[in-house]
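*Asks:* My structure is below; once you've seen it, I'll send some questions.
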Amino acid sequence: MTTILVIDDEPGVRDLLQDALTGAGYRVQSATNGADGLDQLRRRSADLCIVDINMPTMNGFEFLEKLRAHDPKTPVLMLTARDSSDDVEHGLRVGADDYVRKPFSIEELLLRVAAILRRTGLDENDDHVFTCGPLTMNIDQHVVTLSEEEIELSATEFRLLEVLLEHQDRVVTREQLLRDVWNIDFDSETSVLDTYISYVRRKIHHDDFAPITTIRGVGFKLVNPTARQ
């Protein structure tokens, strides 16, 4: 059973999320602040963390930075009552996979949770393999290999590469990538996309294989080398 760790200092929010997530078939753990959450993760892993930004002792940003220092993979969904897009960008930059603004609807939150779990390979309905030259992505197993050697990607890096592979040899606009990977559907000057493109390039570009190209002023394209032959 998929385990979700809820970290929020408000008892009412923790209870609401526990009831909703349990009703949706997830196992739920809870913590009152970031430090408590990290302590729980040391004792028992989770498949997803739902983390409030504003908390005493250790806030959501601090929790995320400490988690990512040793765990690049466990997905994190941030809860924020803040309206500033700077806070959203900061959370995404330090490793958040998605965010939900308070007050939120339970339906929206459950959809976001399901989407994150789907792109991290925990959705049993995903059984798909993409290939591009020596690069292979197995969605079902959440495994990426390059020349048969496994490449370690964070949940966000995996989703970004997945979207590019889904549209290989076609241009994917910046707006589409921000929407499909980070659920950012507002006008944004964020550089988080460029940052993660550089992360993925460093991991999959080797020797003469460099499939991710920049289409200046538009977006990016993943080019299959075999298609050019």
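*Asks:* Give the residue, chosen from SER147, SER198, SER191, that is surrounded by fewer than 16 Cβ atoms within 10 Å (Cβ to Cβ) and on the phi > 0 side of the Ramachandran plot. Before you say what the answer is, go through the steps one by one.
*Replies:* On the way: SER198 fails: on the phi > 0 side of the Ramachandran plot; SER191 fails: on the phi > 0 side of the Ramachandran plot.
Answer to the check: SER147.
*Asks:* Looking only at the stretch 37-63, count every residue that is among the charged types (D, E, K, R), over 17 Å from the mean Cα position of the chain (by Cα) and not in a loop (DSSP other than H, G, I, E, B) and tell me the total. Give the steps one after another, and end with the answer.
*Replies:* Our first condition is that a residue be among the charged types (D, E, K, R); within the stretch 37-63, this holds for 39, 42-44, 47, 52, 62.
From what's left, over 17 Å from the mean Cα position of the chain (by Cα): 39, 42-44, 62.
Next, only the ones that are not in a loop (DSSP other than H, G, I, E, B) stay: 39, 42-43, 62.
Within the stretch 37-63, residues that are among the charged types (D, E, K, R), over 17 Å from the mean Cα position of the chain (by Cα) and not in a loop (DSSP other than H, G, I, E, B) number 4.
*Asks:* Checking GLN168 against (1) in contact with a Pro (Cβ under 9 Å, 6 or more places away or on another chain); (2) assigned to a helix (DSSP H, G or I), which test does it fail?
*Replies:* With respect to (1) in contact with a Pro (Cβ under 9 Å, 6 or more places away or on another chain); (2) assigned to a helix (DSSP H, G or I), GLN168 is out only on (2).
*Asks:* Ok, one more. Identify, please: which residue in the stretch 134-165 is out of contact with any strand residue (DSSP E or B) (no Cβ under 8 Å at 6 or more places or on another chain) and part of a helix (DSSP H, G or I) and is, among those, nearest to CYS49 (Cα to Cα)?
*Replies:* In this case the residue turns out to be ALA155.
*Asks:* Now for a different question. I'd like the full set of residues that are outside any helix (DSSP H, G or I), surrounded by fewer than 23 Cβ atoms within 10 Å (Cβ to Cβ) and out of contact with any Gly (no Cβ under 8 Å at 6 or more places or on another chain), limited to the stretch 66-86.
*Replies:* ASP71, LYS73, THR74, LEU77, ALA81, ARG82, ASP83, SER84
*Asks:* I'd like the full set of residues that are of a type in the set (Ser, Thr, Tyr) and either more than 21 Å from the chain's Cα centre (by Cα) or farther than 18 Å from THR3 by Cβ (or both), limited to the stretch 15-36.
*Replies:* Within the stretch 15-36, the subset of a type in the set (Ser, Thr, Tyr) is 22, 26, 30, 32.
Within the stretch 15-36, THR22, THR32 qualify.
*Asks:* Let me ask something additional. Hey, does the stretch 46-65 have a residue that's surrounded by fewer than 20 Cβ atoms within 10 Å (Cβ to Cβ), within 20 Å of ALA155 (Cα to Cα) and hydroxyl-bearing (Ser, Thr, Tyr)?
*Replies:* Scanning the stretch 46-65 turns up no residue that is surrounded by fewer than 20 Cβ atoms within 10 Å (Cβ to Cβ), within 20 Å of ALA155 (Cα to Cα) and hydroxyl-bearing (Ser, Thr, Tyr).
*Asks:* OK, next. Is it fair to say LEU153 is crowded, with 19+ Cβ neighbours inside 10 Å, modelled with pLDDT under 90, within 22 Å of HIS70 (Cα to Cα) and not β-branched (Val, Ile, Thr)? Before you say what the answer is, go through the steps one by one.
*Replies:* Details: crowded, with 19+ Cβ neighbours inside 10 Å: yes; modelled with pLDDT under 90: no; within 22 Å of HIS70 (Cα to Cα): yes; not β-branched (Val, Ile, Thr): yes.
The answer is no for LEU153.
*Asks:* Kindly establish whether GLY12 is at pLDDT below 95, loosely packed, with under 15 Cβ neighbours inside 10 Å, under 23 Å from ARG119 (Cα atoms) and not assigned by TED's automatic domain parsing to the domain that holds SER191. Talk me through it step by step, then tell me what you get.
*Replies:* Working: at pLDDT below 95: yes; loosely packed, with under 15 Cβ neighbours inside 10 Å: yes; under 23 Å from ARG119 (Cα atoms): no; not assigned by TED's automatic domain parsing to the domain that holds SER191: yes.
Answer is no for this residue.
*Asks:* Determine whether the stretch 131-139 contains at least one residue that is touching a residue at least 24 places away in the same chain (Cβ under 8 Å), small (Gly, Ala, Ser) and in contact with an Asp or Glu (Cβ under 8 Å, 6 or more places away or on another chain).
*Replies:* The answer is no; no qualifying residue exists.
*Asks:* Test ALA20 against the criterion of being farther than 23 Å from ASN183 by Cβ, in contact (Cβ under 8 Å) with a residue 12 or more places away in the chain and in a helix (DSSP H, G or I), and give yes or no.
*Replies:* On the way: farther than 23 Å from ASN183 by Cβ: no; in contact (Cβ under 8 Å) with a residue 12 or more places away in the chain: yes; in a helix (DSSP H, G or I): yes.
Taking the combined requirement at face value, the residue does not satisfy it.
The values are calculated or read from the model by the stated rules, or taken from the named source; none is laboratory data. Remember, it's a predicted structure, so these values are computed and weren't measured experimentally. Note: ideal-geometry Cβ built from the backbone for every residue, glycine included; neighbour counts use all protein chains shown.
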